[in-house]
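As structure tokens, the structure follows; a few thoughts come after it.
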Amino acid sequence: MKIFAIIIVILTGAVLIYSTFDMPDWGNPNSPASVHVSPRYIEKTIEETATPNAVTSVLADYRGFDTLGETIVIFTAAIVCILLLRREDDKTH
Amino acid sequence: METIVSPKPLLAVLVSLVGALLIAITGERLRNLRETWTILASVTKFGIVASMLPEILNDKVIEYTLFKITSHLILHFKVDALGVFFATTASFLWIITSFYSIGYMRGLKEHAQTRYFAYFAIALSATVGVAFSANMFTAFVFYEIITISTFPLVAHKETKEAKRGARKYLTYLLGTSVAFQLTAIIITYNLTGKLDFSRDGVFETDVSYLTVTITFFLYIAGITKAAIMPLHSWLPAAMVAPTPVSALLHAVAVVKAGVFMVIRVVLYVFGIDLLKSFDLGTILATIASFTIIAASVIALRQDNLKLRLAYSTVSQLSYIVLGVALLTPSAVIGSIIHIVAHAFGKITLFFCAGSIYVSAHKTEVSQLDGIAKKMPWTMAAFTVGALNMIGVPLVGGFVSKWYLLLGALEKGSFEILSVLLLSSLLNAGYFLPIIYRAYFKKSPGHAYEIKENPFMAVTLTITALISIVIGFYPNFIASLAKEVLR
Amino acid sequence: MEILIGKYNYWIYIGLMMIGFYAMVAKKNLVKKVVGMNIFQTAIILFFISTSYKKNATIPIIIKSQEVIEPIQYINPLPHVLMLTAIVVMVSTFGVALAVIVMLYKQYKTLEEDEIIEILKDKK
Amino acid sequence: MGEHSSILVVVISLIASITNVFIALVRKSLCYPFFVFILGICFLLSMDILYTVINFGTVKYKLGGWMPPWGIEYVVDHLNAFVIAIVATISFVVAIYAKESIKKEIAKPRLPYFYSTYLLLVAGLIGIVITGDIFNLFVFLEIASLAGYALIAIGEKRSVLASFNYIIMGTIGACFYLLGVGYIYIITGSLNIADLTRLLPPLYESKVTLAALAFFVIGVAIKIALFPLHRWLPDSYTFAPSAVSAFASATVTKVGIYVLIRISYTLFEPRFLTEITPLSTILVWWATIAIFFGSTIALGQIDFKRTLSYILVAEVGYIVLGVSLGNKEGFIGAVLHILNDAVMIACLFMIAGGLFYRIGRRNLTDFTGLKKYMPITMTAFLVTSLSMIGVPPTAGFFSKWYLILGAIRAEQWISASALIFSSLVNAIIFFKLLEKVYFSKKEAIPKYNFRELPLSMLTPIVLMGLAVLVLGIYSGKIISTVIEFTVPKGF
Amino acid sequence: MIRRTESLLVETVCRILIPLIQLFALYVIVHGHYSPGGGFQGGCILGASFILMVIAYDIRWMKHRFSEKKNTLMVALGVFIYSLIGFICIFLGAEYLNYGIFHRILPVDVAKARSLGILAVETGVGITVMAVMVSIFLNLTTYGKHEKGEV
């Protein structure tokens, strides 16, 4: 089992390292991620959402639905914990 | 060759389905009413089928498209000479068999009679469906329905060996049809883009030898209902079923549906020319002749009457396959006639076996000493049937054998000729002893009184008479058979 | 060599991820598995965050006063947003996993996977 | 509401699961009617979406009014609409079924939370299918997964361990998916699928793209339990509450396969899978192995639900095979099979649940002589089993027909034989059962109450049984109206 | 496991700390527009303050200030606010979660409307996160019976 795990892990690591060679360097301001979508958030956040904190404006407005989703996720977690663990008076389980 | 569009074929299929429904609803309490439904359905069915004969005889084709499921998978009926030929036989014999089985079931006070009659009706409607289907898909659908609807009939007794037999039956029929036949159909569609039966095959001439051979033998292996060796052993196993079932289904409907499909495949999917050019007929013929001989030899050694009949069925079916495999006109005609001739002969024999079982509770050949005095009608009919099988002149079997021999001569193959003759001898070898025992051995005294069941005596006499009639007036059937090749 | 330097963030996250992944697959103790799960997810978060960095840029809170805003000056906010979500997801998964572990402990009175399997074998 | 229905179908079930908690605080008895009512609305909305897509083509919805790729966008084409319809329908039907069966399996005070979680699962699945943004997909994937873990964990005793394994496996899968998203993001800077379709082709040679694809496929393969990664599935679906296993088994894997299709044929172009990477070939073989093993293992089981689970593993193999064959027939077969398999598996699991509801066991031997006690259920069972075997004219035949046809077109003879092999295995399994049901008598045991199921459990089963027949007859129509348009270009 | 510590020092310190923590949490939530922070961060801190209550005193003490029913209510309430705002946008005739439309009903321009929308949403998130933290903590530490937790 252990050896099997090690093999899997090494395989994954190999893929990761292999793929890393084509990645942009760290902090490279011209990496695709920095030039394609994100500049708009920085440039327009004040005039479009009157919110200097770009993270907040993206979080709650540009990608607001993601945030709704993640709130739902944590809501799910709570519901699940209640569903699985909470025992007020029921003696079953 | 003009085509008439009319829902008659659909009706012919539906009528017995409706019958089955009514039977199921009526149930055990009103058994007379239930039996009435069976009779009614069978008669109506025969009426509808027969009413199509005239059109077919003066060279028309009846078509009806039931449902277009996808662009190429279409439930489509098409009645041509071959189809109506088979359908008439089956539906006519159903009438007789229904009377017979009423006698049988009541005589033995069998359980679950409602289920029995209902599934019987379904099986028949599927058989006619096979006869009338216009493309591989429709044929396949009904082929599967036959398999599944006869399963309860084979397992009817619900005893252990009944279940074992039924399981074997299902494994062979369903397994091969899904594994081989379906594959073959799909390959055919993949190569040709169509599934319809057409007079001279659907394949282009430029297909490779290998593909055609593989497909052809996938078909042959897939149509296990034809009981070609080595895939025959479901048929003896199915003999655990009540005798009427063995009589109609395993001598006429099911197995004939199998050989019918073989004929369809040979004549209407591949076409004579293609098979001739690739000389696949000979291989099939060899297999068939092997089956004929081997099955007869096995039959010699069976003591159980029904098993002996079953093996004889196996060999007789291969006559039909052989006839088609020869690919010469009169051979094909011979095999088509043999469908009818064998049907009447074999059903008579099974009826006799059943009637002996009901009245005298005897199943083994060795117990039949002197039974003829007790059951004169039955044994007379049995004799006729046996002669039919052997192919003695003036009985139906002779006509078909005659044409088969002609075909063999046309082909100019001495081997086939000898096979036919040898097998006739073998048939004589395993039928005549029974008759001899029945008539000339003196019977051990019986504690109980043996008397024939009137229902059965009448029916089996009728079938015996008909097979004699065929022997006397072969022209009608021969002309119908010639229609097929026209 | 400059590959090692220039991409060192990737090497770190790969290392972390391998550790977590190994713990998830190989460890027999359920809690250790879950902790491995956390390390695994943390590695991914580290990866995302590190991609958002731009040399000598500041956090994406725009100074109102400046009239022309240069994207070069501010780091990329999107990965931060995504990772806020991912963190919450991670926390929730952690919570659910712990809840299940608690149930397991109530049933089997142990947290060692193989012991639990033993108990199940005995039941059969 | 028309132009909003694509968002409403997701949000309504979310809101409902929240409102359910409020209602639970007021009156617990109101929760169930509300729950079913909401799922009914979701069903109608999904039908509306399907109708809109069929008549007016692809529907786009900009959330928050932001242009993609800056905002999140919903894109509904024929494929989503089809899968959404399936998920919504199955969830609705199973919800009706759940009323009685769940009462026996879960303590009463937990019921409201069960309904909430169920709604969350539905919302998550639909959210996965409907979104056009790969990160948003991940978020909803997690919603669905968490709900799924919980619903499985409240089953029988063994289910908790199963659920834990599911959590570990599922999280690995989700993390791999997220990693794939990260890789795609770091080389393109975008998360919107339509945008990525435009951006990716120049990057096909990049190592990062390959790695991303690999992570996507592995992650999804875990979620859909493709053979060697199927370990979590059988235990989970065997010990989960009957309603849950009916719903989850029918939809979760299918949605996973939808994601696979999206990634391989929308995010990337077909040529990327066939020419640049050998992925489609790999998947074909992988799926073939899955079919062989799934069917073989299914033969050896004694627990009916476990048998079904392994059959499900094989069926997943079918669909993946059809998807990756790379020709029109195979793809049509796969998409058609998504529908048929969902219906059949749901029906069978509901029947298993019915058996469990009546006699507290569900081994294959417990089927003995049931035709006397549960005639209607067993008729539905008969129809569904025939469909599983692939007997025409039931639904199962037609998808199998297209799949085999596709395999032969692609000259993958081994895959074709695998398909046939597994339908033979199904034949063996189900005819054994049918023989038990119809041809052997049960010595009546007084302490069990063999009776026909209550109406609220019977109706869904019968509905599904009918659906198997109707879908079979109309599969041609379904193909020509919907599935034809889901076939990716380049086929 | 959560028994009252009975330690005067701890209790007094917590008495003083908890209000400050909660105040800071609210600050983090509302000031998310202008500085690092927002719903999650604030919510976590707020939740932490309640958890501190439980640790310093015990569950009964905490529950009597913040009952479980309220807590469950709040778990749902936060998400409800969030999604409700989305619905209001639909009713006002815009897409889901398009806060810009609020300028119709509020005396502000689109950008400010969006800013306000963000604030409302963040509040909702904060409430939910806080309640969820507490609920998960209680259920996990006490095996679901919210009292002196024995297995």
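A few comments on the model shown:
- The set of residues in segment D:56-84 that are without any contact (Cβ under 8 Å) to a residue 24 or more places away in the chain, more than 14 Å from chain E (Cβ to nearest Cβ) and part of a loop (DSSP other than H, G, I, E, B) comprises D:Gly57, D:Thr58.
- Test result for B:Ile145, open to solvent by 40 Å² or more (accessible area, probe 1.4 Å) and within 17 Å of the chain's Cα centre (by Cα): yes
- Residue that is nearest to C:Asn76 (Cα to Cα), among those in segment C:16-28 that are open to solvent by 30 Å² or more (accessible area, probe 1.4 Å) and more than 7 Å from every other protein chain (Cβ to nearest Cβ): C:Leu16
- Selection within segment C:30-42 - open to solvent by 30 Å² or more (accessible area, probe 1.4 Å) and either more than 26 Å from C:Leu82 (Cβ to Cβ) or touching an Asp or Glu at 6+ places or on another chain (Cβ under 9 Å) (or both): C:Val31, C:Lys32
- Output for segment D:91-105, where each listed residue is under 19 Å from D:Gly124 (Cβ atoms) and either of a type outside the set (S, T, N, Q) or open to solvent by 40 Å² or more (accessible area, probe 1.4 Å) (or both): D:Phe92, D:Val93, D:Val94, D:Ala95, D:Ala98
- Qualifying residues in segment D:223-234 (those that are surrounded by fewer than 24 Cβ atoms within 10 Å (Cβ to Cβ) and in contact with a Gly (Cβ under 9 Å, 6 or more places away or on another chain)) - the one nearest to A:Ala14 (Cα to Cα): D:Leu229
- Screening C:Val100, C:Val31 for residues that are among the hydrophobic types (A, V, I, L, M, F, W, C) and more than 8 Å from chain A (Cβ to nearest Cβ) leaves exactly one candidate, C:Val31.
- Counted residues, segment A:10-23 - those being within 17 Å of D:Val217 (Cα to Cα) and either crowded, with 20+ Cβ neighbours inside 10 Å or touching an Asp or Glu at 6+ places or on another chain (Cβ under 8 Å) (or both): 3
- Residue count, segment D:189-212 (criterion: assigned to a helix (DSSP H, G or I) and open to solvent by 10 Å² or more (accessible area, probe 1.4 Å)): 11
- With respect to the conditions (1) open to solvent by 30 Å² or more (accessible area, probe 1.4 Å); (2) under 22 Å from B:Ile122 (Cα atoms), B:Val13 lacks only one, and its number is (1).
- Every pair of residues 6+ apart whose Cβ atoms lie under 6 Å, when the first sits in segment B:91-120 and is on the phi < 0 side of the Ramachandran plot while the second is among the acidic types (Asp, Glu) and assigned to a helix (DSSP H, G or I): B:Ile102/B:Glu35
- Note on segment D:11-26: residues that are crowded, with 22+ Cβ neighbours inside 10 Å, farther than 17 Å from E:Ile85 by Cα and at the interface with another protein chain (Cβ under 7 Å from one of its Cβ atoms) total 1.
- Residue match in segment E:119-131 (condition: open to solvent by 50 Å² or more (accessible area, probe 1.4 Å), out of contact with any Cys (no Cβ under 9 Å at 6 or more places or on another chain) and more than 9 Å from chain A (Cβ to nearest Cβ)): yes
- Residue in segment B:141-159 that is touching a Phe, Trp or Tyr at 6+ places or on another chain (Cβ under 8 Å), modelled with pLDDT of 90 or more, among the β-branched types (Val, Ile, Thr) and within 26 Å of B:Ile4 (Cβ to Cβ) present: no
- Candidates B:Leu280, B:Leu300: the one that is farther than 16 Å from B:Leu404 by Cβ, open to solvent by 10 Å² or more (accessible area, probe 1.4 Å) and in contact with a helix residue (DSSP H, G or I) (Cβ under 8 Å, 6 or more places away or on another chain) is B:Leu300.
- Checked across segment D:148-158, the condition of being in a helix (DSSP H, G or I), under 26 Å from A:Gly13 (Cβ atoms), small (Gly, Ala, Ser) and facing chain A (nearest Cβ under 9 Å) holds for no residue.
- Failed item in (1) more than 9 Å from every other protein chain (Cβ to nearest Cβ); (2) at pLDDT below 90; (3) over 24 Å from D:Ala107 (Cβ atoms), with D:His4 passing the rest: (1)
- Taking the listed residues D:Lys441, D:Lys432, the one that is charged (D, E, K, R), in contact (Cβ under 8 Å) with a residue 40 or more places away in the chain and touching a Gly at 6+ places or on another chain (Cβ under 9 Å) is D:Lys441, with no other qualifying.
- Selected residue [assigned to a helix (DSSP H, G or I), within 22 Å of B:Thr147 (Cβ to Cβ) and within 13 Å of the chain's Cα centre (by Cα)] from B:Phe180, B:Phe217, B:Phe260: B:Phe260
- Filtering segment B:42-60 for residues that are open to solvent by less than 30 Å² (accessible area, probe 1.4 Å), of a type in the set (Lys, Arg) and within 24 Å of B:Val259 (Cα to Cα) leaves a non-empty set.
- Hits in segment B:156-172 (condition: part of a helix (DSSP H, G or I) and either open to solvent by less than 30 Å² (accessible area, probe 1.4 Å) or in contact with a strand residue (DSSP E or B) (Cβ under 6 Å, 6 or more places away or on another chain) (or both)): B:Ala162, B:Gly165, B:Ala166, B:Tyr169, B:Leu170
- For D:Met169, the conditions (1) part of a helix (DSSP H, G or I); (2) crowded, with 24+ Cβ neighbours inside 10 Å; (3) touching a residue at least 24 places away in the same chain (Cβ under 8 Å) all hold with the exception of (2).
- Of the set (1) within 14 Å of chain D (Cβ to nearest Cβ); (2) open to solvent by 30 Å² or more (accessible area, probe 1.4 Å); (3) of a type in the set (Ser, Thr, Tyr); (4) in contact with an Asp or Glu (Cβ under 6 Å, 6 or more places away or on another chain), all apply to B:Thr3 but (1).
- Comparison of C:Ile69, C:Ile45 shows that the only residue that is within 18 Å of A:Val55 (Cα to Cα), open to solvent by 30 Å² or more (accessible area, probe 1.4 Å) and not acidic (Asp, Glu) is C:Ile69.
- Test set (1) open to solvent by 10 Å² or more (accessible area, probe 1.4 Å); (2) modelled with pLDDT of 90 or more - E:Leu140 fails condition number: (2)
- Residues satisfying the stated conditions in segment A:30-57, i.e. touching a Phe, Trp or Tyr at 6+ places or on another chain (Cβ under 8 Å), within 11 Å of chain D (Cβ to nearest Cβ) and of a type in the set (A, V, I, L, M): A:Ala33, A:Val37
The values are calculated or read from the model by the stated rules, or taken from the named source; none is laboratory data. In this text the structure is predicted, and so the values were computed from the model without any measurement. Here Cβ is always computed from backbone atoms with ideal geometry, including for glycine, and neighbour counts include all displayed protein chains. Accessible surface areas use protein heavy atoms only, side chains included; no ligands, DNA or RNA. Shrake-Rupley method; radii C 1.70, N 1.55, O 1.52, S 1.80 Å.
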